[in-house]
Each structure stands twice: as C-alpha cells, then as structure tokens.
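The values are calculated or read from the model by the stated rules, or taken from the named source; none is laboratory data. This is a predicted model, so every value here is computed, not measured. Cβ placement follows ideal geometry from the backbone for every residue including glycine, while neighbour counts extend to all protein chains displayed. Calculation scope for accessible area: heavy atoms of the full protein, side chains included, ligands and nucleic acids excluded. Shrake-Rupley method; radii C 1.70, N 1.55, O 1.52, S 1.80 Å.
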Amino acid sequence: MELTKVVLAGAHGHGRWHLEHVRALADRGLVELVGVCDPRPADFAWPYGGFEHAGPEDLGGLIERTGAEITILCTPINTHAHLAVTALRAGSHLLLEKPPAASLSAFERIAEAARDCGRSCQVGFQSLGSSAVPALRELIGSGRLGELTGIGVAGAWERPAAYFTRSAWSGRRRLDGADVVDGALTNPFAHAVATALAVAGAEERGAISSVELELFQANAIESDDTSAARIHLAGGGVITVAVSLCATGRAEPYMLVHGTEGTARLTYTTDDLDGVVHPRTNLLENLVDHVRSGADLLVPLARTGAFMEFLEAVRTAPDPLPIADEHQKIHQDRREVPGIGELTDLSARRLALFSELEVPWAAGRTLRVRGTPVSTYEWRADLPVTDSPRPYIHPVRTLGGVEVSEFRPADHVHHLGVSLAVSDLGGVNFWGGRTFVRDRGPAWLADHGVQRHDAFEEIEGGFAEALTWLGPDGATLARERRTVRALAVDGAWALDFAFTLSVPEPVHVSSSACKGRDGAGYGGFFWRAPRSGRNPAVFTAGAEGERDVHGSRTPWLALVSDAWSLVFTQAGPVDPWFVRVAEYPGVGSALAWDRPLPVEESLSRRIVTVVADGRLTRGAAETLANEAARL
C-alpha cells in the first residue's frame, strides 16, 4: 500500500509533538513526510529520507509539488484560517491544531473551503479521540446518574512568566490588528471546554444559547490566565469551567458530571473515567484511515462548531480584569493565585463562577489613587432580593485609611455603601426595603428590581460599566452606562461617579415624597456614611445643618466629622440634596424630590465626591468642590 504523504506546517514548539506522531506512523509504514512548512529551518534528523522545506507563504505550492494528501497545521492561532484555506484549496486534507480559528467568521471560511474543495478537516482536540467520552455519554444515557443537572470542569496549572513571552502571539487577544484569543479558556484549556461540550452532546453550531464569562489575569498579558465560564445549552443544561495558569504544580484537569442520583468524573488528559482508563485513538492515524478507506473522522470540523461559538463569546468579551498584587504570591519567575486549585475544584462541585464563591478578587474591583487602594467596587453582589441587588462601592477609605462608607447597617439593611438606587423607576423598587404606598405607608411588595452587570470597559482612572435594570419579572426597564473613576485632588482624592440611563419606552422616576411622604425624595446617587464619625455636620456654601440643607439645590455639599470629610459636587444638572445626619449620616441626590421625573429616552447625572482626612472648614470644602467640578 502506498504511503500517505504528509506535510507538517509548524515544526517547532508544539509542532514537535506532531512530528513524533508522524514518525510513529512512518515507523509502521503508513505515512511519508514529504514537506515541512516553517519560517525557520528544520533542525531535526529524519530517518526516512529527505523532504522539501518551504516558508508559510509557499504552503500551497509545497502541497502541490509534493502531492501531499494530509497537511498538519500547527501554526500561530491567528494564521490558522488563512493557512487552512490555502491547504484545502491546494488539494490536501487537514489536521488542524486547536483552536480551529481565532474567530467564528474565520472558522466559517475554513468550513466553506472544505466543502467547496471536497476535502476533510480534522481538528486536533486529542481528548475527543478517547473512548472515555462515548463511555461517559452512555453512562449518562443509561439513567444511572439520574437526571443530568450540570457538568463542572476544573483545571489549574503552573506556568512561568516565560510561557507568555515564548512567541509574539502568546498571551495576546490581538496581534497587529488580527484576533489571536490565546487565553486559558481558549487554548491551554480548550480541550476542557470541547470535551465537556462533547459529553453534553452539544458540539455543533446552535448548541449554545448563552455564555457567562469572568476573565481575569494575574500576569501582565492581554489575555486571560485565570477564568471561569458558565455555558447555557440550547437544549437545557449548564456547563461551568474554572481554570487557571497561576497554580503551584500541575493537577490533571477533569470534569464532574452531576446527576440527581450520582456523579461521574472524567480526567480527560489521562482518559480516566471513574478509575477506568480507556483507550485513545490518535487523530492523525484516524485521518489517514479516513483518507485511505473512508473511516469516519473522530473530530470533524462541524463537531467543533459549539466550541467556536464559545470562543467567539470570549473574543468579543471585555478585556480580562487584573487580579491585584495583594491577592497574589509573586515568585521570581511566575505569578501564583493562592488557593486557585481548590477554588477550581469548588467551582466544579457547585457549578459556580468565581464571583459566586466569595473570592475577593472576583466579585470586586479595587480603585486606587497613585497606588493607594481607596475603595472596592462590588459588581456581582450576593444580596437578598429585598435589597434590590445592585453593584455598590464599599469600603471607601480616605488616603489615611479611615473608612467613610457603611454597608447594610441594622437601621437600613438596603443601604449599600455608595450606590445608584432609585425608589421607583416605572413602578419598580430599585432602592430596596419597603415601598411607600400612598394612603397606606411603607409596605412589603414583590416589586424589587435588579441592576445586572453586563460588561466592563477600561478607562483612565477607573472603568466604564454596562448594566441592565430588570424588573421582578425579568423585563428590561433600562440600560445603563456607568463610569467610576478614582482621581487625585489636592491632599485627598475624588470618586467620580456618572451614569446615563436609557429606556426603551418613556417612564417616570418617582419617590416616596411624590406619593405623600414629606421630605422623602430620596432616589439617585446615595452615599451611606458610617456612624463612627464623631460630631457629624453638614453644610453648603450658604447653609448649615440638616434642616436647612435637606432639599436645597446647591452645586456642592459637605458632610464632615472629626475623622473625615466628604464634599459632594453635582457636575451637571443640580438636583435637590437628600440629607440625613441625626438619624444616620447619609447624602444623596434626589431625582424626584417632590414630583415624578419623566424620562423620555435617557437620563444622565454626574457626582464627584472628594474624600478627605479630618474635618474640613467651609472654605477648604469649597476649594475642593471647585477643583472637583473641573475634573
């Protein structure tokens, strides 16, 4: 029987692994290496005669000159689509290293070329060549695990800093304007995602309905090195994946299949299913059999369509969030996130994201001023529905370390440090607690809304955030773009908080005061200060004391104590101030002080708050307010 002619594109790095498999099949008289395509010279000895060498720009010509029937493509991710299409159009079948492409549109170009040229493409998800995968699917189908409730995947490896600099594309999301998407979820742990999708029977396009992502980075790279995902399947069911390249040592990644009657564990790198090791078929050998005798491919391109939908979600997601140094152990040659292995294990057991596991670096963002941590923005808070769950800022501290915010105090548990809270938007309570009903008073109603975090965008000094305001029935009442920045001012710092609410149809912002409760016009930006501040006082440029300041319309207002001072400045439209000092210390803007505020299309406000140590005088507060207004 004639030897199947093979070209290897990418003979260095992981290409060496493919070369050894070519050698093994050559030893058995199945294949002949006829060409190597690589920008660098081939630096290995080949015992079976010579082969032609060419650069990547001549891959098509190399295939045509040698008559190669199979091309193994193991090149940088951002080159996959172009070189794959080139190989297919030159008449070669393809073994394509994972991930198949750097975008869904690039994947479709490969699929179209394979169809048009009548050539086959096998994707190098080696774990899908294991008989453990169909064995696990058979176990699920037998009903012995009961009803499937989810699949949890965990993986934690150690990688040195050099891993992320080994090539120009390593650790990159984009390179020279082209997508790369070389992150933990889409390259080193791509097998984890693809294998879980295969076990769930959700491999082709359309199998995924939505993806939740939490992308983080401990290393100074573009891409993610520590991340979690929750994949919602179109046919029902859920897959969670929690992985990291910032562990100590290596633990073999695995998946837990959860059923109502039991669990099953597959370690996909070793083909171990509940203690039984299953055989694995080499994908190159399977492709050779396919070319020679028409054997079915184990990992045809179509079988990776759902994985590519997942990759597309990662590609289009906001850039990963940095994990602050205080949450890391920094070694000479690498970064470690302490406890990350146990955390990925816990995620697999609970089918939970990092932010749902009370991880400080996952649920909050630290704001800093000239390197000093001054506040934490909690964007995925675990709160009771009666609090009207929403992102909040707490703790907030002065540069001297004095805490100036209070979270869920006993007198008003729905006061969440610093937040945007509206008592009535279109009839929905986004403030928390009881709802004031005209002629009845405060009442517990099933009317609490949720501010859902959607995405972050990095900006100078802080971040921008996209949120969706949802009613108790899940309906969208508004979408919000919020910016939060921490900025230096003279001897202090300023929290710059701005928002724009956009509504799909006209609504009204209302308040308890609009419904008959005198002076209760609260609703908007709100800051709950701590009771620990001694001798609290409040003043504006022309008034002093809670009675005279409450309800006033002035550009700035100061709330001070012996230990700290807060100077609030409305940069833009000036709403009345809602002020409390005697009952508890708190300040907010009142969007609907005594009458409903109609919102036809959008509503924008910006408040800049100077946070200072010690008690400020009126003159010092006014100076800082003027500086804040110029930020």
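Could you tell me whether any residue of segment 7-21 is open to solvent by 60 Å² or more (accessible area, probe 1.4 Å) and touching a Cys at 6+ places or on another chain (Cβ under 6 Å)?
yes
Give the residues of segment 350-368 that are assigned to a strand (DSSP E or B) and either surrounded by fewer than 20 Cβ atoms within 10 Å (Cβ to Cβ) or among the acidic types (Asp, Glu) (or both), sorted by residue number.
Looking only at segment 350-368, we keep the residues that are assigned to a strand (DSSP E or B), and these are 364-368.
366, 368 - these are the residues of segment 350-368 that are assigned to a strand (DSSP E or B) and either surrounded by fewer than 20 Cβ atoms within 10 Å (Cβ to Cβ) or among the acidic types (Asp, Glu) (or both).
Among the listed residues 265, 250, identify the single one that is in contact with a Phe, Trp or Tyr (Cβ under 7 Å, 6 or more places away or on another chain), modelled with pLDDT under 95 and in a strand (DSSP E or B).
250
For segment 554-580, enumerate the residues that are crowded, with 19+ Cβ neighbours inside 10 Å and farther than 18 Å from residue 621 by Cα.
The answer is 575, 576, 578, 580.
Checking residue 270 against (1) open to solvent by 20 Å² or more (accessible area, probe 1.4 Å); (2) in contact (Cβ under 8 Å) with a residue 24 or more places away in the chain, only one condition comes out false. Which one?
Single failed check for residue 270: (2).
Quick check on residue 205: is it part of a strand (DSSP E or B), of a type in the set (D, E, K, R) and at pLDDT 95 or above?
Answer is no for this residue.
Take the residues in segment 22-47 that are charged (D, E, K, R) and part of a loop (DSSP other than H, G, I, E, B); name whichever of them is least open to solvent (accessible area, probe 1.4 Å).
38
In segment 314-338, which residues are open to solvent by 60 Å² or more (accessible area, probe 1.4 Å), under 20 Å from residue 368 (Cα atoms) and assigned to a helix (DSSP H, G or I)?
325, 326
Given the criterion open to solvent by 20 Å² or more (accessible area, probe 1.4 Å) and either in contact with a helix residue (DSSP H, G or I) (Cβ under 6 Å, 6 or more places away or on another chain) or closer than 18 Å to residue 349 by Cα (or both), identify the matching residue among 247, 251, 234, 228.
Exactly one residue qualifies, and that residue is 251.
Which residues, taken from segment 371-398, are in contact with a strand residue (DSSP E or B) (Cβ under 6 Å, 6 or more places away or on another chain) and either aliphatic (A, V, I, L, M) or over 22 Å from residue 431 (Cα atoms) (or both)?
Hits for segment 371-398 are 373, 374, 385, 393, 396, 397, 398.
Go through the residues of segment 47-63 one by one and say whether even a single one is aromatic (Phe, Trp, Tyr) and more than 17 Å from residue 32 (Cα to Cα).
Filtering segment 47-63 down to residues aromatic (Phe, Trp, Tyr) leaves 48, 51.
Narrowing further to those that are more than 17 Å from residue 32 (Cα to Cα): none.
No: zero hits.
Quick check: is even one residue across segment 480-489 without any contact (Cβ under 8 Å) to a residue 24 or more places away in the chain and over 30 Å from residue 368 (Cβ atoms)?
Among the residues of segment 480-489, not one is without any contact (Cβ under 8 Å) to a residue 24 or more places away in the chain and over 30 Å from residue 368 (Cβ atoms), which makes the answer no.
Kindly indicate whether residue 347 is touching a residue at least 12 places away in the same chain (Cβ under 8 Å), in contact with a strand residue (DSSP E or B) (Cβ under 8 Å, 6 or more places away or on another chain), among the hydroxyl-bearing types (Ser, Thr, Tyr) and part of a loop (DSSP other than H, G, I, E, B). Give the steps one after another, and end with the answer.
On the way: touching a residue at least 12 places away in the same chain (Cβ under 8 Å): yes; in contact with a strand residue (DSSP E or B) (Cβ under 8 Å, 6 or more places away or on another chain): yes; among the hydroxyl-bearing types (Ser, Thr, Tyr): yes; part of a loop (DSSP other than H, G, I, E, B): no.
No.
Could you list, in sequence order, all residues of segment 107-121 that are farther than 12 Å from residue 81 by Cα and either open to solvent by 50 Å² or more (accessible area, probe 1.4 Å) or charged (D, E, K, R) (or both)?
Scanning segment 107-121 gives 115, 116, 118, 119.
Please find, among 557, 501, the residue that is in contact with an Asp or Glu (Cβ under 8 Å, 6 or more places away or on another chain) and under 30 Å from residue 461 (Cα atoms).
501 is the lone residue from the list that is in contact with an Asp or Glu (Cβ under 8 Å, 6 or more places away or on another chain) and under 30 Å from residue 461 (Cα atoms).
So residue 506 passes all but one of these: (1) within 12 Å of residue 425 (Cα to Cα); (2) open to solvent by less than 50 Å² (accessible area, probe 1.4 Å); (3) not aliphatic (A, V, I, L, M). Which condition number does it fail?
Result: residue 506 passes all but (2).
Could you check residue 364 against (1) at pLDDT below 95; (2) more than 19 Å from the chain's Cα centre (by Cα); (3) within 20 Å of residue 457 (Cβ to Cβ) and say which number it fails?
(2)
Of these, 360, 389, 395, 384, which one is of a type outside the set (Asp, Glu) and touching a residue at least 40 places away in the same chain (Cβ under 8 Å)?
Only one candidate qualifies: 389.
Name the pairs: first residue in segment 51-74 and farther than 16 Å from residue 285 by Cα and surrounded by fewer than 16 Cβ atoms within 10 Å (Cβ to Cβ), second residue of a type in the set (Gly, Ala, Ser) and modelled with pLDDT under 95, Cβ to Cβ under 7 Å, at least 6 apart or on different chains?
53/42
Residues in segment 372-389 that are part of a loop (DSSP other than H, G, I, E, B) and either over 14 Å from residue 452 (Cβ atoms) or open to solvent by less than 10 Å² (accessible area, probe 1.4 Å) (or both): how many?
2
Do we have residue 281 as farther than 16 Å from residue 188 by Cβ and either of a type in the set (Phe, Trp, Tyr) or in contact with a strand residue (DSSP E or B) (Cβ under 9 Å, 6 or more places away or on another chain) (or both) here?
yes
Residue 599 - would you say it is in contact with a Phe, Trp or Tyr (Cβ under 7 Å, 6 or more places away or on another chain), closer than 20 Å to residue 498 by Cβ, touching a residue at least 40 places away in the same chain (Cβ under 8 Å) and open to solvent by less than 10 Å² (accessible area, probe 1.4 Å)?
So residue 599 does not fit the description; no.
Evaluate the following for residue 545: is it modelled with pLDDT of 95 or more and more than 30 Å from residue 460 (Cα to Cα)?
Yes, satisfied.
Note down all Cβ pairs under 7 Å where the first residue falls in segment 411-424 and is more than 20 Å from residue 530 (Cβ to Cβ) and assigned to a strand (DSSP E or B), the second is open to solvent by 20 Å² or more (accessible area, probe 1.4 Å) and not basic (Lys, Arg), and they're at least six residues apart or on different chains.
Once the first residue is more than 20 Å from residue 530 (Cβ to Cβ) and assigned to a strand (DSSP E or B) and sits in segment 411-424, its partners that are open to solvent by 20 Å² or more (accessible area, probe 1.4 Å) and not basic (Lys, Arg) give 423/522.
Looking at segment 285-313 only, could you name the residues that are in a loop (DSSP other than H, G, I, E, B) and in contact (Cβ under 8 Å) with a residue 40 or more places away in the chain?
Residues satisfying the conditions are 297, 298, 299.
When both residues are 6+ apart or on different chains and their Cβ atoms are under 6 Å apart, which pairs have a first residue that lies in segment 319-338 and is under 22 Å from residue 459 (Cα atoms), and a second that is of a type in the set (Val, Ile, Thr)?
324/366
Quick check on segment 86-101: of everything there that is open to solvent by 10 Å² or more (accessible area, probe 1.4 Å) and within 26 Å of residue 171 (Cβ to Cβ), which residue is nearest to the chain's Cα centre (by Cα)?
Among them, the one singled out is 98.
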